Amino acid sequence: MKTIVITGATSGIGLETARLLACRGFSVIATGRDAGRCKAARDSILASAPDAEVRFYPADLMRRKDALDLSARIREDLDRTSAGCLHALINNAGCAKSWYATTEDGLEQQFALNYLAGFLLTYGLSPALSRAGGRVIMTASQSHKGARVRWDDLMLTRRYNPLTAYKQSKLCDVLFARALNDRYAALGIRAYAVDPGLVCTEIGNKAGGVVGLVWSLRKRHGIPPSVSAEAFARLCIPVQHPAGLYHDRHGEKAFSRQVTAENAARLFSVSERLCGISYQEET
Amino acid sequence: MNVMITGAAGGLGRAMAVECARRGYALFLTNIDAPALAAIQKGLSRRFCVKIYAEPCDLTDSAGVDALMAEIDRLGLRFDMLLNIAGIDYEGGFLRREREKIVRIVALNDEGTLRVTHAVLQRRNPDARFCIVVVSSLAALFPMPLKAAYAASKRFLMDFGMALRQELTGQDANVLTLCPGGLSTNDEVCAAILAQGVAGSLTTNAMERVVRKTLDLAWKGRARYIPGAFNRLLFLLGKAVPASWTAALIFRRWTQTQKKWLYPTQIP
Ligand SMILES: NC(=O)c1ccc[n+]([C@@H]2O[C@H](COP(=O)([O-])OP(=O)(O)OC[C@H]3O[C@@H](n4cnc5c(N)ncnc54)[C@H](OP(=O)(O)O)[C@@H]3O)[C@@H](O)[C@H]2O)c1
């Protein structure tokens, strides 16, 4: 049985993807920020697939320490259950915000959760991924196309616009997938970014304010999260690594022209500095 | 340039610390929560090439502040700026909150600020201009039922800041009193802002902007900064309308808001 890890699986796209992959015979390690919501999500998956193998680990991924602790716990779990092998890591946890707000270590929250948490977790799990020739999947978004990376003000403190920060975080997801392929193809790790489409979830409502109002109207046109989950299944199920970098549920698609090797490498080294880690040591 | 920031691990304190580090100021950070303080210190050190000291301290404890100052003297630090950000609030009716919790609002917001300001003024850089920022609140402008102790503690700071500024004229120092409306400092505050609906959004200020302007205006010698045109209008109205009227109005509004937010289960 192959094991996959998926973050942000207590609601929306993450929950439905965890459910789908559990039904398709994967052993699923899932995460959420709240223990109670983790239990509820697990119950809900088991209700639709009683034989599913699914366990939840709560962790607040906006906190660097939680993300590193979580990867240690998952490594132990993998050593116990899966000979230390990880077939796929889906970095899906994400948020939208209405206002500028920072994490404990002073980073803008959307950047920290939507992108940097995945960077940290992938770092912690890279030995397990490389053992299995594993896949890293970033939940990106079509909105990454409207963004550029503000290298001189990554946290967007000057004239903060929550939507710009969201788009930039999603562009960073695609850039990170690109950087992983550029750097670690030799280790057998293969990375992808997924466009889930416009999906009817609560993500914008949790932001409140103007973002919440706009999202309430917009999400009515969205597809159900169970449909967007297929995009992830397409990347996890084939034995061979599927080709391409950016996918939706119909297949490969075009990504932003900002996604260059140069930008990817630059973001990678900035991220190592922001996290105080070095991938070289881990892999 | 050396800057001391209290409450540096909280939402506004962190945002201030980030902006100061971005400007290249050396920082001395303090907060009661040691792990959170270590997190922001490390986070900033990874991002910026500035010296960042951090030392946890409970500012309601006089001996603790003495120890903090001893550490500063041991390091031989002298300051150019003091940002008094540490402060607390417990929402809810006077009798619905524990006695000591309410007393603690005054112990930290007022006494703590006095203690630190008194001590740090004696450790100012003697050769340079000195700036103090005191964080009051829009709540200081009116008597606020259901936030009575908090609003009064902020009123104290507003008057104290203004008066101290006078005392320091001629000594190349300025005191700026910041009176923000809502700031998205943490999840709890965001929930409170949302519960206030349109009024919440109107009085809420963009934190990153407030932070930048506060520092700029403090150096320019301004006495008071009320961010946002709507908040400035409220300030003027507050002066024109008798206090008993505003108190009654605010009581009506906060009763509704707090029902929605603090005691949601009581809604039939
Ligand atoms: N919805 C769309 O149309 C759309 C489009 C493109 C991309 N996306 C992306 O898809 C991903 C999932 O979004 P969604 O729409 O499914 O939203 P969602 O239902 O709000 O799911 C987000 C997940 O992340 C978790 N989470 C939030 N904050 C966290 C934290 N600090 N630490 C750990 N986990 C945390 C949430 O936990 P709780 O359940 O406790 O809130 C939830 O499990 C996000 O990366 C989003 O950017 C969504």
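The single residue among A:LEU267, A:LEU274 that is within 14 Å of chain B (Cβ to nearest Cβ), more than 16 Å from the ligand (Cβ to nearest atom) and either modelled with pLDDT of 95 or more or open to solvent by less than 20 Å² (accessible area, probe 1.4 Å) (or both) turns out to be A:LEU274. Candidates in region A:1-24 are the residues that are open to solvent by 40 Å² or more (accessible area, probe 1.4 Å) and more than 14 Å from the ligand (Cβ to nearest atom); of these, the one that is farthest from the chain's Cα centre (by Cα) is A:MET1. In contact (Cβ under 8 Å) with a residue 24 or more places away in the chain and farther than 18 Å from A:ALA140 by Cα: is that true of A:VAL211 in this structure? Yes.
Within region B:110-124, identify whether any single residue is open to solvent by 60 Å² or more (accessible area, probe 1.4 Å) and not in a helix (DSSP H, G or I), and answer yes or no. The answer is yes, given that some residue of region B:110-124 is open to solvent by 60 Å² or more (accessible area, probe 1.4 Å) and not in a helix (DSSP H, G or I). From A:LEU21, A:LEU78, A:LEU15, grab the single residue that is farther than 25 Å from A:LYS219 by Cβ and in contact (Cβ under 8 Å) with a residue 24 or more places away in the chain. Answer to the check: A:LEU78. Evaluated against (1) surrounded by fewer than 17 Cβ atoms within 10 Å (Cβ to Cβ); (2) touching a residue at least 60 places away in the same chain (Cβ under 8 Å); (3) under 20 Å from A:CYS275 (Cα atoms), B:CYS49 falls short on exactly one condition, (2). Checked against (1) part of a helix (DSSP H, G or I); (2) touching a strand residue (DSSP E or B) at 6+ places or on another chain (Cβ under 7 Å); (3) not small (Gly, Ala, Ser), B:LEU176 passes all but condition (1). Summed over region A:104-142, residues that are farther than 30 Å from B:THR203 by Cβ and near the ligand (Cβ under 10 Å from one of its atoms) total 8. Total residues in region A:198-238 satisfying the condition of being near the ligand (Cβ under 10 Å from one of its atoms), open to solvent by 40 Å² or more (accessible area, probe 1.4 Å) and within 16 Å of the chain's Cα centre (by Cα): the figure is 1. Given the structure, is B:ALA54 at pLDDT 95 or above, within 19 Å of the chain's Cα centre (by Cα) and facing chain A (nearest Cβ under 10 Å)? Judged against the criteria, B:ALA54 is not a match. Looking at this structure, is A:ASP60 surrounded by 15 or more Cβ atoms within 10 Å (Cβ to Cβ), touching an Asp or Glu at 6+ places or on another chain (Cβ under 6 Å), within 14 Å of another protein chain (Cβ to nearest Cβ) and not in a helix (DSSP H, G or I)? Here the answer is yes, as A:ASP60 does meet what is asked. Exactly one residue out of A:ILE45, A:ILE74 is under 16 Å from the mean Cα position of the chain (by Cα), outside any loop (DSSP other than H, G, I, E, B) and more than 9 Å from the ligand (Cβ to nearest atom), and it is A:ILE74.
When A:LYS39 is tested against the conditions (1) open to solvent by less than 20 Å² (accessible area, probe 1.4 Å); (2) assigned to a helix (DSSP H, G or I), the lone failure is (1).
Among the residues of this structure, A:ALA101 counts as one that is more than 30 Å from A:ALA254 (Cβ to Cβ) and within 13 Å of the ligand (Cβ to nearest atom).
When each of A:ASP51, A:ASP34, A:ASP60 is tested for being within 13 Å of the ligand (Cβ to nearest atom) and farther than 26 Å from A:ALA177 by Cβ, the lone residue that passes is A:ASP34. Taking the numbered list (1) at the interface with another protein chain (Cβ under 10 Å from one of its Cβ atoms); (2) in contact with a strand residue (DSSP E or B) (Cβ under 9 Å, 6 or more places away or on another chain); (3) more than 17 Å from B:MET207 (Cα to Cα); (4) not hydroxyl-bearing (Ser, Thr, Tyr) in turn, B:ALA9 passes all entries but (3). Taken together, the criteria exclude A:TYR115 from residues that are outside any loop (DSSP other than H, G, I, E, B), open to solvent by 20 Å² or more (accessible area, probe 1.4 Å) and farther than 24 Å from A:GLY251 by Cβ.
Filtered by the rule that a residue be away from every other protein chain (no Cβ under 11 Å) and without any contact (Cβ under 8 Å) to a residue 60 or more places away in the chain, region A:87-109 gives no residues.
Within the set A:ARG158, A:ARG220, A:ARG178, A:ARG183, the sole residue that is in a loop (DSSP other than H, G, I, E, B) and among the charged types (D, E, K, R) turns out to be A:ARG158.
The set of residues in region B:209-219 being touching a residue at least 12 places away in the same chain (Cβ under 8 Å) and open to solvent by 20 Å² or more (accessible area, probe 1.4 Å) consists of B:ARG209, B:ARG212, B:LYS213, B:TRP219.
Among residues of region B:14-46 being crowded, with 20+ Cβ neighbours inside 10 Å and assigned to a loop (DSSP other than H, G, I, E, B), the one that is nearest to the other protein chains (Cβ to nearest Cβ) is B:ASN31.
The values are calculated or read from the model by the stated rules, or taken from the named source; none is laboratory data. Nothing here was measured: the structure is a model prediction, and the numbers come from that model. Because the Cβ atoms are built from the backbone with ideal geometry, glycine has one as well, and the counts that use them run over all protein chains shown. Note: areas computed on protein heavy atoms with side chains; ligands, DNA, RNA excluded. Shrake-Rupley method; radii C 1.70, N 1.55, O 1.52, S 1.80 Å.
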